[in-house]
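Visitor: Have a look at this one.
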Amino acid sequence: MRTIALLPHIGKPKAVALARSLVPRLLEAGVAICTSPEGAQVLPSSQVCHDTETLHSAEAAIVLGGDGALLMVSRLLYGLDIPILAVNLGRMGFLAAVEPDELDEAVGRLLAGDYSIEARMMIEARVWRDGRCHSAHPALNEVVIARGTFARMISLEASIDNSTLGHFIGDGLIVATPTGSTAYSLSAGGPVVHPAVNAMVVTPICPHSLGARSVVVRGDDEIRIRAETLGHDDELLLSVDGQPGTRLSVGDEILVRRARAVTKLIHFGERTFYDVLGIHLRNPHVWRHGREETAP
């Protein structure tokens, strides 16, 4: 392996410290190191390449942070086919392959090629305005169409292949990937879907209906969402993977479908999806840094 992207969450001191500690290890192994514009703020320019072209040619990326950091990197490297090794420094750790105390061994195995790659489905939301594609937003977890700051319900219509899926009155609508089924969609009452399943989950947010439920649809379906009613002062926002929302206009149509690219995650086979899920189900309130802890 000739080039590795080192991508710490610069807001986490431990992530920065771990990233800096990896620099001499990788250089000693003859590996060139690159980073993102954010990583350039905390990693030495004399030892780490900061240009975008080198980042885009990396053979692997090491992400140090929580699940949110990995979500950000999945969009940063979208379409580049770069596998990602995620190191958990957050609370949930659903997506991370290793913990900080396992990092040394993991890097050794990465350099030796002793790992497997899991492809995770991504989705893309395209905003159509005045008959043209106004913007496109890839997501690893979910796309959310929701009301803004005013505490008023919105009415959304979702359809698949010209068939109406439903009319949803409430705070909004989530379209999640199998990976995202354990995130916001789960909190809103959606099901857990194994990441290998080719599907999307449509979950209403606080629906004003006793009959509104999540729906699991095919991964190859195209979901069209539009606002049926929107007051003069109301806001409608599109957000992907928990990022700040993009304001939508009256008449906009949102098309959500499977993305052309996937996120490739590096794994070493020690923990399966069911292992991680089981820990969360058994101890939903005492999960920290990828470890089960005894409640106080």
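Visitor: Within the stretch 92-102, identify whether any single residue is touching a His at 6+ places or on another chain (Cβ under 7 Å), more than 30 Å from residue 124 (Cβ to Cβ) and either assigned to a loop (DSSP other than H, G, I, E, B) or not assigned by TED's automatic domain parsing to the domain that holds residue 194 (or both), and answer yes or no.
Guide: Yes, the conditions are met somewhere in the stretch 92-102.
Visitor: In the stretch 226-233, is there at least one residue being crowded, with 16+ Cβ neighbours inside 10 Å, assigned by TED's automatic domain parsing to the domain that holds residue 142 and modelled with pLDDT under 90?
Guide: yes
Visitor: Let me ask you something else. Please find, within the stretch 1-45, the residue that is farthest from residue 83 (Cα to Cα) out of those that are in contact (Cβ under 8 Å) with a residue 60 or more places away in the chain and assigned to a loop (DSSP other than H, G, I, E, B).
Guide: The residue in question is 12.
Visitor: Still on this model: In the stretch 66-117, which residues are of a type in the set (Phe, Trp, Tyr) and farther than 18 Å from residue 4 by Cβ?
Guide: 78, 94
Visitor: Answer yes or no as to whether residue 209 is small (Gly, Ala, Ser) and either within 16 Å of residue 127 (Cα to Cα) or under 17 Å from the mean Cα position of the chain (by Cα) (or both).
Guide: So residue 209 does not fit the description; no.
Visitor: Moving on to the next point. Does residue 181 satisfy the condition of being part of a strand (DSSP E or B) and polar (S, T, N, Q)?
Guide: The answer is no for residue 181.
Visitor: From 177, 164, grab the single residue that is out of contact with any helix residue (DSSP H, G or I) (no Cβ under 8 Å at 6 or more places or on another chain) and crowded, with 24+ Cβ neighbours inside 10 Å.
Guide: Going through 177, 164 in turn, the sole match is 177.
Visitor: Give the stretch 127-173 a look and list any residue that's at pLDDT 95 or above and either outside any strand (DSSP E or B) or not assigned by TED's automatic domain parsing to the domain that holds residue 222 (or both), or say none.
Guide: 140, 141
Visitor: If I filter the stretch 62-71 for residues that are farther than 19 Å from residue 141 by Cα and assigned to a loop (DSSP other than H, G, I, E, B), do I get at least one hit?
Guide: no
Visitor: While we're looking at this one, here's another question. Run down 247, 282, 288 and say which single residue is under 29 Å from residue 220 (Cα atoms) and either modelled with pLDDT of 85 or more or not assigned by TED's automatic domain parsing to the domain that holds residue 141 (or both).
Guide: 247
Visitor: When the residues of the stretch 132-158 are narrowed to those that are free of Cβ contacts under 8 Å to residues at least 24 places away in the same chain and not small (Gly, Ala, Ser), which ends up surrounded by the fewest Cβ atoms within 10 Å (Cβ to Cβ)?
Guide: Among those residues, the one meeting the criterion is 132.
The values are calculated or read from the model by the stated rules, or taken from the named source; none is laboratory data. Remember, predicted model here, so these are calculated numbers, not experimental data. Don't worry about glycine lacking a Cβ; one is built from the backbone with ideal geometry, like all the others, and counts go over all protein chains shown.
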